[in-house]
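Down below is the structure, laid out as C-alpha cells.
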Amino acid sequence: MLIAHLNRQLLELDAAALRRRLRIQTTPCQPQLQLQGSAAPLLAFCSNDYLGLANHPALAQALADGARRWGVGSGASHLVSGHTQAHAALEERLAAWQAAHIPGARALLFGSGYAANLALLTALGDASSTLFCDQLNHASLIDGARLSKAAVQRYPHADLAALAQQLQSCSTPLKLIVTDAVFSMDGDLADLPALLQLAEQHDAWLIVDDAHGFGVLGARGHGSLEHFGLRSERLIYMGTLGKAAGAYGAFVAAHPSIVEWLLQRGRTYIYTTALPPALAHALQSSLDLIEGSDGAVRRAHLEALIGRWRAGVQALLEPMERGQGGAPTRLHLLESRTPIQPLIVGDNARALSLDAALQARGLRVPAIRPPSVPEGSARLRLTFSASHTQAELDRLLAALAASLQELPS
Ligand SMILES: *Cc1c(COP(=O)(O)O)cnc(C)c1O
C-alpha cells in the first residue's frame, strides 16, 4: 500500500522531469569532478567550497592531527559529555570574530546550519513574537519559522518598505527580522545596514544567516557583518562551516543571554551528538587560512574570476540581443557580486538544454528550476571557487558561447 503509493508519486516526478538522482563521485571536492562510470572528468561550477579549502592539504593534516588527539566521535551531546576543549576553543574564536560587530558576543556550535536555524527560530520565536521573513530565505529558515510558535510574516524579497509596514502594524512584544545575508539562488546581498536600521526603529532583532558570506565577505573573511561594518547588540548571526570554511558544522554568535537560551532550549542543540572534536580542531586551521594572507589571496582571486565571468557573459549576450533586433532576450545575469552567479534563462526546457549542452562539453553547470526558484526564472546557477583557474573560466565561457549557439530560439 505505502510502497505502491510512493511508487506512483515517483512516477509522477519522472513524468514531470522533476526526479532527482544521486551521482557518485570518485574525486574529493575540487573543480575537476570525476563521476563513477564516466570516462572524462567534468569541470564543475556548483560547489559551495568558495575558497577551495574543502580539500586543502593543511586542513586534511589538521583533521588527522585532531583525530590523533581526540579520536573520531564526540560520543554524546554537548550537555552530556560531548563538549571538549576543542569545541570550546573554536567557539571562543568564532565569538571573537563576531564580537567586533555584536558587543560581548558568545558563540555556540551546531551540527549544521540547518540545525542552527531550527534552534534559533524555535527557541526565540515563542508565542509572544513575530518572525518577519524575506520570501527568498533559505529552506532551513522557512522550516524553522514553520516549527516555531511565533506568528510569521513574509515580505517580498528585499522589499524594505513592505517590511517597515509589517513592523509598524505588528503588536507582539518581540519582533525578529530573519534574512539570508547572501541569497542562495540569486546571489544578491541583503541590505543589512537598512535592515538593522529598521530593527532599531521598531525595537526588533535581526537574524542574519551568513551561510554564503562567512569566509568570503569582509577584509578578513569574517563575513557579512564585517563587510558592512555593522555593530549592534540586536544582531544575531548564524555562520556555517561547511561552505567557505571547507568542513562541516555551523555556529550562532549573539548576545550571551541569547546564546544561553539556545543552549537551554534549542532542541537541535540539545538532542543531538556534538560535532567530532577532531573537526573542531581542524576548523582552527580553516579559520587561520580564512583570516590570513592565504585567505586574502583566495578572496582576491575569486573576485577576479567573478569580474571576468560577468564581463565575458555580457560580451556573449550583447550580440545575441542585437541579433534579435533589439528585443530584450530573456537570458540575463542577475546583479550579483558574490560567487553565486545565476544566468537567468526563463524557460525550464531551455535551461535544461543548456545544462545538457554544457555537460556534453565536459562542464557541470546545474540548471535550477521551479519550485526551487520562481516560475519563469529557470536558470543556470554557477558558483565560483578560488580553486578555479582563469583558464578554467575561459573554458567555461567558450563552452557557454558554443552551447548558446545551439539553443533553439
Ligand atoms: C547551506 C545553507 C544553510 C544550511 O547550512 P548547512 O550547514 O549546509 O546545513 C542555511 N542557510 C543557507 C542560506 C544556506 O545556503
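Every number here is computed from the coordinates shown, using simple stated rules; none is lab data. Just so it is clear, the structure is predicted and the values come from calculations on it, not from any experiment. Cβ: placed from backbone, ideal geometry, glycine included. Neighbour counts: every protein chain shown.
Quick look at the numbers
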item: Difference of contour (0.36 nm per residue) and Cα-Cα distance, Asn55 to Asp14; result: 11.3 nm
item: Whole-angstrom Cα spans of region 260-409 along principal axes, big to small; result: 62, 37, 27
item: Spacing of the two label points (7 Å from each Cα toward its C-beta) at Gln314 and Ala39, in nm; result: 4.0
item: Euclidean distance between Cα centres, region 175-222 to region 46-73, Å; result: 28
item: Span per principal axis, largest first, for the Cα atoms of region 340-399 (Å); result: 34, 23, 12
item: Largest to smallest principal axis extent of the C-alpha atoms in region 168-282, angstrom; result: 47, 34, 25
item: Region 104-147 - Rg over Rh from alpha carbon coordinates, Kirkwood radius; result: 0.99
item: Ranking of Arg337, Arg146, Arg364 by count of other Cβ atoms within 10 Å, fewest first; result: Arg146, Arg337, Arg364
item: Residue order, fewest to most surrounding Cβ atoms within 10 angstrom, among Ser224, Ser47; result: Ser47, Ser224
item: Sorted by Cβ neighbour density within 10 Å, fewest at the top, the residues Val365, Val373; result: Val373, Val365
item: Relative packing of peptides 36-45, 244-253, 147-156 - highest average C-beta neighbours within 10 Å first; result: 244-253, 147-156, 36-45
item: Calculated on alpha-carbon atoms, Rg and Dmax of the chain in Å; result: 22.0, 69
item: Spherically averaged projected area in nm², based on the convex hull that wraps the Cα atoms of region 183-226; result: 3.2
item: Highest average packing first - 117-127, 56-66, 273-283, Cβ atoms within 10 Å; result: 273-283, 117-127, 56-66
item: Kirkwood hydrodynamic radius of region 57-291, Cα pairs, Å; result: 17.7
item: Computed [θ] at 222 nm, helices only, for the chain once each DSSP H run of length n ≥ 4 contributes -39500 (n - 2.57); result: -13500 deg cm²/dmol
item: Environment charge of Arg395, counting only residues whose C-beta is closer than 13 Å and scoring Lys/Arg +1, Asp/Glu -1; result: +1
item: For region 295-382, alpha-carbon Rg relative to the globular expectation (2.2 N^0.38 Å, N residues); result: 1.17
item: Acute angle (nearest 10 degrees) that the helix 113-124 long axis makes with the longest principal axis of the chain, alpha-carbon atoms; result: 50
